[in-house]
Amino acid sequence: MDFDKAIDAHVEWKTKLRGAIAAQSTLDAAAIGKDNACPLGQWLHGDAKIKYGHLPTFAGCVSAHAVFHREASRVAAMINDKRYTDADAALGAGTPYTSASMATGVAIAKLRKEVSA
């Protein structure tokens, strides 16, 4: 797993969501909400679970990643409902989305450190 790419991919969701707001386009909120569909999620729910499921940071990473996808899906649903102002506000500082995004990045970094030890 390329942990840097995983972190970058999840950080990029903010740009994708802001782009959908700007374009007033719709997103597949259900697919975005699936934490086992992206490459990191596939790895966490597959090979990593077998190899690293016993590590203390593993469960935290899985949990943080799932919360992130739920929050991203929630913002996507606002966009789909044409609640662009609400969606934009949901991406701001101190929001559940931003907290989930930061927590996911930290959890990935912690897991990377433990896997590399």
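All of the numbers you see were taken from the coordinates with simple rules; none came from a lab. What you see is a predicted model, and the numbers here were worked out from it, not measured in a lab. For neighbour counting, all protein chains shown are included, and Cβ atoms are generated from backbone atoms with ideal geometry for every residue, glycine included.
Quick notes on this one:
- As a proxy for reagent exposure, 91, 44 were ordered by neighbouring Cβ count within 10 angstrom, fewest first; the result is 91, 44.
- Under the Karplus curve 6.51 cos²θ - 1.76 cosθ + 1.60, θ = phi - 60°, whole-Hz ³J(HN,Hα) for the range 80-87, x wherever Gly or Pro sits: 4, 7, 6, 9, 5, 5, 5, 5
- Counting lysine pairs in the chain that sit 8 or more residues apart in sequence, or on different chains, and whose Cα atoms lie under 28 Å apart gives 24.
- Dipole of the chain, positive direction: furthest Cα of 69, 3, 52, with charges on the beta-carbon: 52
- In the distance distribution for the range 3-116, Cα-Cα pairs more than 16 Å apart total 57 percent.
- Residue-averaged 222 nm ellipticity for the chain, from DSSP H runs of 4+ at -39500 (n - 2.57), nearest 500: -24500 deg cm²/dmol
- ³J(HN,Hα) computed for each position of the range 44-61 - Karplus, 6.51 cos²θ - 1.76 cosθ + 1.60, integer Hz, glycine/proline x: 4, 8, x, 4, 5, 4, 5, 7, 10, x, 7, 6, x, 7, 5, 4, x, 5
- Cα long-axis angle, helix 3-23 against the chain (0 to 90 degrees, to the nearest 10): 10 degrees
- Electrostatic dipole magnitude of the range 3-116 [Cβ: Lys, Arg +1; Asp, Glu -1; Cα centre; debye, to 20]: 140 debye
- Computed magnitude of the charge dipole of the range 75-117 (debye, nearest 20; Cβ of K, R +1, Cβ of D, E -1): 200 debye
- Label-to-label distance, nm, for residues given as residue 9 and residue 77 (7 Å Cα→Cβ offset): 2.4 nm
- The residues 32, 7, when put in order of fewest to most other Cβ atoms within 10 Å, stand as 7, 32.
- Extension reserve of the residue 85-residue 114 stretch, reckoned as 0.36 nm per residue once the Cα distance is removed: 6.4 nm
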